[in-house]
Amino acid sequence: MRVPARFGFARNTVSRTRGLLQGPGLRRFLAEREARLEQSVFKGIDKEQFVRTLDADGLAFGLKIPAEMVAQIRQFADSSACFADRDPAHGFHAEQRAAAESVLGKPILVAQYFNTQQQCAAIDALRHDPLLEWIAARYIGSVPAFVGSNLWWTFPVKAREEDRFKHAHLYHRDVDCFRFFKFFFYLTDVEPGDGAHVAVAGSHRRPPVTQRFDEFKVRRYTDAEIDQTYDRTVIKEICGEAGTGFAENTLCIHKGRTPVHQARLLLQLQFAMFDYGVMHDQRREQDLSLMV
Ligand SMILES: O=C(O)CCC(=O)C(=O)O
Ligand SMILES: [Fe+2]
């Protein structure tokens, strides 16, 4: 899937065909969410405009989680173990990061929670929010598959280069499905220096080509390659207070900045045309263990 999905014509053909086959099912799905829109926690969003912007720019802004929901997710994070480098054997509680780092013998750049949707009611509510599901269906053009929630800390550390590479702190694009996108929500205030997500608006339609066959490749890019290819005005460093949310088709060039001041807690909800079972955070409890 990831290989054919690198080709624009394959992405468009598969999306259109599936949209046609699923017409009635999609209309029912949209109508059902529209009937429950007042239950959404997101108010004052022009949903048609949101989807048009997401389509045109690969990025759409303006979502905000209510403060009490932010508090519930923070509470979940404070009371649960996170896992260094997303490794189920490397669990620790965030306030014990220093001890975990001495066990691992390196700075911890990223630590992720597991089974978040099952264990945190606020995350489950967001995943089922009628506005988010409506946007997903309309954008994907067929009944959307929810493929996973992911909640992780990015810590302000002198990270190893291999960890910055592994944890997407170098520019790249994701080729996860024929049609897919992600909602991102900050659960901490993110100002410059706090590990902002950076994305290049419009680059889902215009990948950088600085090497031969680049349009079909999936690789990491240097900052210089991106700065040379795109106008500064379309390179967006996305900041915002806790609760801020946006949607991104991560075929757009993007990266996480390595924080230098505060840690960033981020929730991501991903929707796609198909679920290949590789983006979710579900792990068997018996496979999880604490380091400290
Ligand atoms: O941590 C970030 O902001 C980047 C994450 C990323 O590359 C992704 O979610 O696809
Ligand atoms: Fe990514």
Discussion item. What figure, in Å² to the nearest 10, do you get for the accessible area of E161 with a 1.4 Å probe and non-protein molecules left out?
Written reply: 110
Worksheet item: How many nm is it between the label spots at V143 and L104, if each spot is 7 Å from the Cα in line with the beta carbon?
Response: 4.0
Worksheet, complete the sentence: With label points set 7 Å from each Cα along the Cα-to-Cβ direction at E215 and D231, the distance between them in nm comes to 2.2
Worksheet, complete the sentence: Among GluC sites (Glu not before Pro) in the stretch 231-289, those in a DSSP loop whose Cβ has at most 16 other Cβ atoms within 10 Å are E241
Response to the item:
Scan of the chain for chymotrypsin sites (Phe, Trp or Tyr not before Pro) in DSSP loops with at most 14 other beta-carbon atoms within 10 Å gives a longest site-free stretch of 8-212
Item to complete: Choose one of T13, Q117, Q268: the residue whose Cα lies farthest towards the positive end of the charge dipole of the chain (beta-carbon charges +1 Lys, Arg; -1 Asp, Glu; about the Cα centre).
Response: T13
Worksheet, complete the sentence: Out of A242, L63, G25 - ranked by how far each Cα lies towards the positive end of the dipole of the chain, with unit charges on the beta-carbon of charged residues - the top one is G25
Worksheet item: Using Cα-only point scatterers and the Debye equation, what is log10 of I(q)/I(0) for the chain at each q in 0.10, 0.13, 0.17 Å⁻¹, rounded to two decimals?
Response: -0.54, -0.93, -1.56
Discussion item. For the stretch 4-287, what does the relative contact order come out to in percent, with C-alpha contacts under 8 Å and a separation of six or more?
Written reply: 29
Discussion item. Per-residue counts of other Cβ atoms within 10 Å, averaged by peptide: what ranking do you get for 261-267, 103-109, highest first?
Written reply: 261-267, 103-109
Worksheet entry | 26 Å Cα-Cα threshold exceeded, pairs from K217/K255; K47/K217; K158/K255 | K47/K217
Discussion item. Which residue fluctuates most in the GNM of the chain (Cα springs below 10 Å): Q211, Q22, Q112?
Written reply: Q211
Discussion item. Tell me the Kirkwood radius of the stretch 135-292: reciprocal of the mean inverse pair distance over distinct alpha-carbon atoms, in Å.
Written reply: 16.8
Worksheet item: Okay, helix-only estimate at 222 nm for the chain: each DSSP H run of n ≥ 4 adds -39500 (n - 2.57), divide by all residues, round to 500 deg cm²/dmol; what do you get?
Response: -9000 deg cm²/dmol
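The values are calculated or read from the model by the stated rules, or taken from the named source; none is laboratory data. Because the structure is predicted, anything quoted here is derived from the model rather than measured. In this analysis, Cβ positions are derived from the backbone assuming ideal geometry, glycine residues included, and neighbour counts consider all displayed protein chains. SASA here: full protein model, heavy atoms, side chains in, ligands and nucleic acids out. Shrake-Rupley method; radii C 1.70, N 1.55, O 1.52, S 1.80 Å.
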